[in-house]
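We did not get these values from a lab; they are worked out from the coordinates using the rules stated. Keep in mind that this is a model prediction, so the values were computed, not measured. Note that each Cβ is placed from the backbone with ideal geometry, even for glycine, and that neighbours are counted across all protein chains shown.
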Amino acid sequence: DRNLKIAPSILAGDFADFGREVRAMESQGADWIHVDVMDGHFVPNLTFGPPMVKALRPHVTTLMDVHLMIAPVDPYIEAFAEAAADRLTAHVEAGPHIHRTLQAIAAAGCKAGVAINPGTPMDAVAPVLDLVDLVCVMTVNPGFGGQSFIESRVPEIARLREMIGDRPVHIEIDGGVDSKTAGRCVAAGADVLVAGSAAFRGGSADAPEAYGKNIRAI
Ligand code: DX5
Ligand code: ZN
């Protein structure tokens, strides 16, 4: 399916060599680059912030899809926008004012996405579907790569596709996506698949062919 986008998550890459990882992935057919920002508070893990996004910017020629697993979000929007992220995706659970947050992201010049955790009813994103170009459906509890796919989210993907109707909104699936789980997500209505461990398994920036094989297998 040529409308299906694969967004490798550099969380599974070599942290000391992100620039080369991004170039290797893009040379092997990655559609977007997914960048996981974690704050050690909204999720129990820490990654990096705006300076890393800024440093990555010149290496990404596709689309830099920044997943903000942080709370609060609003104080950092300007810095991520200045770092030239293409899309900022904020969690519906990150605070009481997701509507304001998504407006602020758009006002800062980025595409706006909303992410939703496995424990949150899908209806929580209904009021903001006109403010986003993407809903990121978490199929693991966010914080770490390499966790197993939460199967019970699949029918919810189909329900979300119905809620979206004819709006131009992507459904992105994040967590535990591999060659076994991808098909069910796409059948339910997903059109963007984030892949961390499944995309990077067995590969390196020195030998990027494995990345290509992994991407095609998903
Ligand atoms: C999880 C992150 C994911 C992660 C996915 O908190 O949001 O993007 O990198 O990794 P895998 O594909 O290994 O589950
Ligand atoms: Zn993510």
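Which of the trypsin sites (Lys or Arg not before Pro) found in region 105-191 are loop residues per DSSP with 14 or fewer other Cβ atoms within 10 Å of their Cβ?
On the way: sites: Lys111, Arg153, Arg159, Arg161, Lys180, Arg184; in loops: Lys180.
When the trypsin sites (Lys or Arg not before Pro) of region 105-191 are filtered for loop state and at most 14 Cβ neighbours within 10 Å, Lys180 remain.
What number do you get for region 1-102 when its Cα radius of gyration is normalised by 2.2 N^0.38 Å, N = residues? Walk me through the intermediate numbers first.
On the way: Rg = 13.7 Å, N = 102, 2.2 N^0.38 = 12.8 Å.
In units of the 2.2 N^0.38 Å rule of thumb, it is 1.07.
Can you pull out the trypsin sites (Lys or Arg not before Pro) in region 17-106 that DSSP calls coil and that have at most 13 other Cβ atoms within 10 Å? Don't jump to the answer; show the numbers that get you there.
Values: sites: Arg20, Arg23, Lys54, Arg87, Arg100; in loops: none.
Here no loop site has a sparse enough neighbourhood.
Please report the antiparallel percentage of DSSP beta bridges with both residues in region 5-217, rounded to the nearest 5. Working shown, then result.
On the way: 2 of 33 bridges.
If we restrict to bridges inside region 5-217, about 5 percent are antiparallel.
For region 59-183, what D do you get in µm² per second when you plug the Kirkwood radius from alpha-carbon pairs into Stokes-Einstein at 20 °C and 1.002 mPa s?
Values: Rh = 14.9 Å.
Translational D for this selection: 144 µm²/s.
Grab the DSSP H runs of the chain that are 4 residues or longer, score each as -39,500 (n - 2.57), total them, divide by all residues and round the 222 nm result to the nearest 500 deg cm²/dmol.
On the way: 8 runs with 67 residues, N = 218.
Helix-only estimate at 222 nm: -8500 deg cm²/dmol.
Please report, in Å, the Rg and the Dmax of the chain, where both are computed over Cα atoms only.
Cα only, the chain: 15.8, 45 Å (Rg, Dmax).
Treating only the Cβ of Lys, Arg, Asp and Glu as charged (+1, +1, -1, -1), what charge dipole size does region 1-66 show about its Cα centre? Round to the nearest 20 debye.
With only Lys, Arg, Asp and Glu charged at Cβ, the dipole is about 200 debye.
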